[in-house]
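As structure tokens, the structure follows; a few thoughts come after it.
We did not get these values from a lab; they are worked out from the coordinates using the rules stated. Quantities reported herein were computed from a predicted structural model and do not represent experimental measurements. Note that each Cβ is placed from the backbone with ideal geometry, even for glycine, and that neighbours are counted across all protein chains shown.
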Amino acid sequence: MQNQQRKLDDESLHIIKELQQIPESKKNFLTEIYFDVAITFGKRTEYRMLYFNFKTRKIFFLRHAKVREEILFSSLSQVGLDDKIKIIWNDLFGNATTHYIITQSYSDTVQIFYLLRTLSFHPLSRFFEEDFKHDIVKKKYSVKCKKRGQTAWAHRQMIIYNGEFILFGDNPHVPLTICPLSSKVSFNIHANYILEINTAIRKIILSFSNDQELNMTYNTLMTCEQFIRPPVIIKVRTFTSNKLAYLINSCRDICIKNMLYPDECVEHFAILCEILRAVTKKRSVTQGNKKEIMIEEDEYLKKPQTGKKIIYPEDELKQYCLTDDPKKYYKNFISVGKGGFGDVYKVQRMDEQGYVALKVLKHSVEERSEKMGVEVARMKLWNHPNLIKMIGCWLFGNQVFISMEYCSLGTLKTIIKSQPMPLQDIAYVIQCSLKGLEYIHKQGFIHRDIKTTNIMLDGNYDVKIIDFGLVVRINSNPSNRAGSKSYMAPEVIKQIPYNEKVDVWSIGCVAQELFETQPPYKEHGVIKGMFKTAVYGAEGLRDITKVPVDFADFINKCFIFESKDRASCTELLTVCCLILISL
């Protein structure tokens, strides 16, 4: 018996129409969805059930209801569409893997592409159930059957909906086969109650108990049809069209190399240019005479006035400095760190009463006298057990030398490289860091460079915040970009006026790095990470299945996009106490 023309029944059409008219305010968030596809793994192609789980933020590749592979939403880097869906995802260290997904219908392609691409923009994206359930609005028929496998027949429960049929095995919650009933699907009835189903990617052979069940199945299928979704429309597909045509070549290459999407770059063009200026150190990153582009970039370059600069007597460097050679006081210089600021040495006191850290600032006094004064003044005047304490300061040979407490256990960055940090230790470190930051904020300052290399542990496991080279007064209304790119709050990246809440964002990045070994978006590179942070905010914890609720809540409070709604250090200390109590 050959395939006939299929036509969806009127009742299903009516239900679908009503579904499309539901206002967004009354829709339900999508929690999970399955698609039956073929996926490439290198040179081989295998069947998989593609399972999106929005509670765990993971994509699972299932085979016979068992997980074969899984991908975190946060690892999705780029999703493209040609004759197949192309996905590129990065592991935690930035190593890329590419898969191609072959679907059974164009409507499946549209749905999967939309989900994957949106999640690659931001892994916390939400979707509505009502936008994806058009093919299962009406259950039409359920029947037991057998499906032919490679070596044997297997028992299945077949459920036919208005737009697809599903085959289940022993587990009624996990589908083994989904067949969208698109125009590509055909049916043929054979002897011995056999139904042959040909799809775009496979042939399905089903066996029924009797002629009545076979005919009922066939006749029901002939009243089913998959909902036809509108085609995918991407307004900007290349970096040589629209506003992007006015980027200078080197900046266009940066965008392509970092797998940014042309359409989101056009939509957030001013932010893109701001980030490109930050990484290229160029005043302008566009070319040509297109008036609106020049106006847009010029407007963004106009930074708010920060008011008249005030020189504070307490920040005068020389009042804190001795003028003789620090080598009179210390011996056995051992280099323990280098950076843009200069060099750090572990040195021994001349009386051999222990070790200190000696920081030799890179720039001469004439170049950075004011900034050096601010840093030294803070170390001298601030007094808190979680802030590094200055022991002495010297101005010798036109260079500044600062001796301070020596932290023998090193930075947090160094510690987590050698071994994972238990959650209880993370909570302790973050709690101590917050106490230090709370003190800084109450003194009227912002640290602006909180990161795992600027928090250390001494020999007694006491936590010390170090490096006050970028501290600034809150009342100076800062808006300039400062700090380390992977730890910057959105407002810092965009160079709009900010306050002490930027340190809260950074402490969230530190907490996430201590738990997952990398700060937000690190696997996607600094440029893409900055762009996503500025546009969408933080990605949140990559794998929320591995953390207690209180810790996830802490991270979420740090990463609130609007700084006015972001928690303060005082509020976060309460959450830290709850975490420590619960562990």
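The overall shape of segment 411-559, judged from the alpha-carbon gyration tensor, is oblate: a/c is not under 1.5, and a/b is no greater than b/c. So how tilted is helix 569-582 from the main axis of the chain? Cα-based, degrees 0 to 90, rounded to 10. Between helix and principal axis, roughly 60 degrees. How many angstrom lie between the Cα centre of segment 55-122 and the Cα centre of segment 233-263? Between the Cα centres of segment 55-122 and segment 233-263 lies a distance of 23 Å. Ranked by the mean number of other Cβ atoms within 10 Å per residue, highest first, peptides 516-526, 122-132 order as 516-526, 122-132.
For a Förster distance of 30 Å, can you work out the FRET efficiency between the beta-carbons of THR280 and THR238, rounded to the nearest 0.05? Rounded to the nearest 0.05, the efficiency is 0.90. A simple count of charges around THR177, restricted to other residues whose Cβ falls under 11 Å of its Cβ and scoring Lys, Arg +1 and Asp, Glu -1, yields +1. For the pair ALA152 and LYS442 in one chain, pulling the backbone fully straight at 0.36 nm per residue adds 97.1 nm over the alpha carbon distance. For volume of the Cα convex hull per residue in Å³, the choices are (1) 156; (2) 231; (3) 194; which was calculated from the structure? Answer by label: (3). Legend: residue pairs LYS66/LYS86; LYS371/LYS528; LYS389/LYS451; LYS309/LYS338; LYS380/LYS442, Cα-Cα distance threshold 26 Å; pairs beyond threshold, LYS371/LYS528; LYS309/LYS338.
The fewest-to-most ranking of SER25, SER186 by surrounding Cβ atoms within 10 Å reads SER25, SER186.
Fewest neighbouring Cβ atoms within 10 Å first, the residues LEU276, LEU573 line up as LEU573, LEU276.
If the segment from THR414 to SER369 were pulled out straight at 0.36 nm per residue, it would be longer than the present Cα-Cα gap by 13.1 nm. In a reduced charge model with +1 at each Lys and Arg Cβ and -1 at each Asp and Glu Cβ, the chain shows a dipole moment near 1000 debye about its Cα centre. Between ASN192 and LYS327, full extension at 0.36 nm per residue minus the direct alpha carbon distance yields a gain of 38.9 nm. Arranged from fewest to most other beta-carbon atoms within 10 Å of their beta carbon, ARG57, ARG68 become ARG68, ARG57. Toward the positive end of the charge dipole of segment 457-563, with +1 on the Cβ of Lys and Arg and -1 on the Cβ of Asp and Glu, the farthest Cα among ALA534, CYS558, VAL510 is that of ALA534.
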